[in-house]
Structure formats: structure tokens, C-alpha cells
1. Evaluate the following for residue 111: is it farther than 30 Å from residue 75 by Cα and either crowded, with 24+ Cβ neighbours inside 10 Å or at pLDDT 95 or above (or both)?
2. What's the total number of residues in region 126-138 that are touching a strand residue (DSSP E or B) at 6+ places or on another chain (Cβ under 9 Å) and either surrounded by 20 or more Cβ atoms within 10 Å (Cβ to Cβ) or at pLDDT below 95 (or both)?
3. Mind listing whichever residues of region 14-52 are closer than 15 Å to residue 310 by Cβ and assigned to a loop (DSSP other than H, G, I, E, B)?
4. How do the pairs read when you match residues in region 246-259 that are on the phi < 0 side of the Ramachandran plot and touching a residue at least 24 places away in the same chain (Cβ under 8 Å) with residues anywhere that are loosely packed, with under 13 Cβ neighbours inside 10 Å and part of a strand (DSSP E or B), using Cβ under 9 Å and keeping only pairs 6 or more apart or on different chains?
5. Keeping to region 152-206, report how many residues are assigned to a helix (DSSP H, G or I), free of Cβ contacts under 8 Å to residues at least 60 places away in the same chain, in contact with a strand residue (DSSP E or B) (Cβ under 7 Å, 6 or more places away or on another chain) and within 28 Å of residue 37 (Cα to Cα).
6. Looking at region 198-225, which of its residues are out of contact with any helix residue (DSSP H, G or I) (no Cβ under 8 Å at 6 or more places or on another chain), surrounded by 17 or more Cβ atoms within 10 Å (Cβ to Cβ) and farther than 16 Å from residue 158 by Cβ?
7. Would you be able to tell me the number of residues in region 172-202 that are under 21 Å from the mean Cα position of the chain (by Cα) and at pLDDT 95 or above?
8. Applying the selection to region 226-284, what residues are modelled with pLDDT of 90 or more, in a helix (DSSP H, G or I) and more than 30 Å from residue 56 (Cβ to Cβ)?
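The values are calculated or read from the model by the stated rules, or taken from the named source; none is laboratory data. No experiment lies behind these values; they were computed from the predicted model shown. Glycine gets a Cβ as well: all are built from the backbone with ideal geometry, and neighbour counts include every protein chain shown.
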């Protein structure tokens with residue numbers, strides 16, 4: 001089969017479509033012919049050599065895909081089933097072996113390019129909102145980077161769960177899209193005083209939960225806009241690893257700071273997350289009340305361009321790479 005391989009000898013670590021060995025299914029795995037994959041920040045980090053795949057995962061970039069079952073093995077899936085799935089790696093390829101429990105059935109009226117945009121961001125949003133933060137009906141949540149893939153998914157899930165949703169985004173277009181996704185208040189993520197804006201909007205109170213991708217650059221301001229017993233969930237550290245914070249605020253307000261990654265979790269835990277997400281949210285997904293946001297679809301030959309789009313924060317929602325046509 002063919003797959004994207006990082007040219008580690010080139011200064012720009014270019015992405016090359018080249019011949020590699022076909023995957024071999026392990027116990028409980030199925031083989032899927034990939035039609036589309038979607039781009040995530042982790043892909044850029046892995047390409048740069050900063051985020052190696054977990055043990056046992058393919059070296060090939062790509063954390064999600066949609067395609068057609070080629071060999072169901074001993075699973076309940078059938079050859080020809082249209083599926084999408086969360087991966088630990090291997091999405092930028094023509095074929096992948098994946099644990100059968102991590103597959104979603106693709107709705108009949110969805111394209112596979114659309115389905116490829118669902119698994120990673122919706123499962124990331126789900127596990128961090130409802131497992132790590134234990135977000136409850138009626139609580140208030142702040143979603144940073146609300147127009148991103150994870151942000152757009154998190155806004156939709158939180159609103160559907162009966163929560164008040166606030167968001168940040170970096171320009172007028174993205175802020176308007178956040179409102180369309182369901183955020184009731186959106187402020188500029190580049191403002192030094194976003195925490196003051198949020199507290200003022202809430203009449204002096206704070207938010208119960210924050211999903212943050214910036215890390216160090218936002219930490220002290222995030223803590224200032226958390227309500228008592230608030231929970232801050234760190235998904236990445238795009239704004240740096242270090243920060244000076246007032247620990248007295250953490251103590252007196254009984255705040256929690258939680259770091260969270262999805263990729264490195266054991267496959268059994270991921271299977272539980274997939275099952276729980278399907279139990280709670282699959283009906284609204286099928287009804288169209290919750291759906292992935294696709295910014296653009298590019299051919300796999302344009303993978304370098306897709307990475308540039310994410311690196312420049314030029315996307316709203318997901319950038320999808322098409323490997324095979326749906327036809």
C-alpha cells in the first residue's frame with residue numbers, strides 16, 4: 001500500500017506518498033481501506049519529531065480515518081461496511097488495522113470525507129468535558145479555540161448537554177462561527193483581559209469548566225475566571241509549558257487542574273470512551289443536531305498544504321485529506 005512518510009532528511013521534513021508494507025491485523029482488529037483522514041495538531045507535532053507514537057502504534061501519521069471494511073476478521077463488522085475510527089496512528093495511508101471496538105458506523109447520508117472529521121475531535125471533547133471535568137447539566141463552560149476542530153465539537157456537545165457555553169476565538173469570522181455552533185458569548189482569545197470580560201459577562205461569577213489548549217500563556221487568566229470548585233482541563237500547551245500562578249487562588253477556590261491526552265490511553269479505555277459516546281450522543285449525531293465541521297477537503301497529495309493551514313490557524317473546524325473517492 002501507499003502511505004505518507006516524513007522525510008526526516010529534508011529541512012522542512014516534507015511529507016512523501018510512498019510504498020510501505022500493508023498492515024497486519026492483530027487480535028480483535030479489522031482491516032479498513034481508508035478513503036479519508038483528517039488533520040490534527042498532533043500530526044504536526046509528530047512530523048516535527050516532538051510527539052512520537054505510543055508503543056505498538058504505527059509510525060505513520062494520522063489519528064482518525066473513514067473508509068470501508070476490507071477484512072472484518074472475527075468481529076461483528078462485515079466486508080464493505082462504511083466506518084470511521086479513532087486511531088493511535090496510521091491514518092495517512094491506504095489501509096489500516098484497527099481494534100473493532102473503536103469503529104463507528106458511518107450514517108447513510110454522510111460522505112466518508114465528512115465522517116473522517118468526527119472521531120478524534122468528538123471523542124477528545126467528550127472525554128474531557130464529561131469524564132475528566134464531569135460537566136453537569138446547567139453548568140457553564142469556557143471553550144478556548146472554539147472554532148477549532150475540538151472547539152467546535154465541544155461547543156456542540158456542551159450545548160446539547162444543557163450547559164451554558166462561552167468561547168474564545170482569534171478573529172471576527174471565527175467568533176461568529178462559534179456563535180453559530182452554540183456559544184452564547186465569545187471573546188477575543190488575543191485579549192489580555194479575556195478573564196475580566198468573562199467574569200463581567202457572568203455578573204461577577206466564573207465558569208465551572210474550562211477546556212484550554214494554550215497552557216502557560218493562559219493559565220493565570222484561566223484560574224481567575226473559574227468559579228469555586230472549577231475544573232481546568234489542559235489539552236495541549238500551544239502557549240508554552242511554564243507559567244507563574246497564584247496557588248492561593250487554587251487553594252481558596254478549591255480549583256482542579258487536569259492534564260489530559262487521548263492518544264496514549266490503553267485501547268480498552270478508548271473502547272469504553274467510544275461506547276459511552278455512542279450511548280449518549282449518537283442519536284443526536286444521526287439526527288444532525290451534532291455534526292463535524294469541515295473547513296476544506298484536500299487530496300492526500302496536498303498533505304503539506306493541509307499542515308500549513310493548521311499551522312497558520314487558518315481553518316474553522318477540520319481539514320480533511322481524501323485518499324480515495326467515495327464513488
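1. So residue 111 fails the test.
2. Residues flagged as touching a strand residue (DSSP E or B) at 6+ places or on another chain (Cβ under 9 Å) and either surrounded by 20 or more Cβ atoms within 10 Å (Cβ to Cβ) or at pLDDT below 95 (or both) within region 126-138 amount to 4.
3. 39, 40, 48, 50, 51 - these are the residues of region 14-52 that are closer than 15 Å to residue 310 by Cβ and assigned to a loop (DSSP other than H, G, I, E, B).
4. Once the first residue is on the phi < 0 side of the Ramachandran plot and touching a residue at least 24 places away in the same chain (Cβ under 8 Å) and sits in region 246-259, its partners that are loosely packed, with under 13 Cβ neighbours inside 10 Å and part of a strand (DSSP E or B) give 253/228; 253/229; 255/228; 255/229; 256/229.
5. Going through region 152-206 one residue at a time, the tally reaches 7.
6. 214, 215, 218, 219
7. Residues meeting the conditions: 12.
8. Those that are modelled with pLDDT of 90 or more, in a helix (DSSP H, G or I) and more than 30 Å from residue 56 (Cβ to Cβ): 283, 284.
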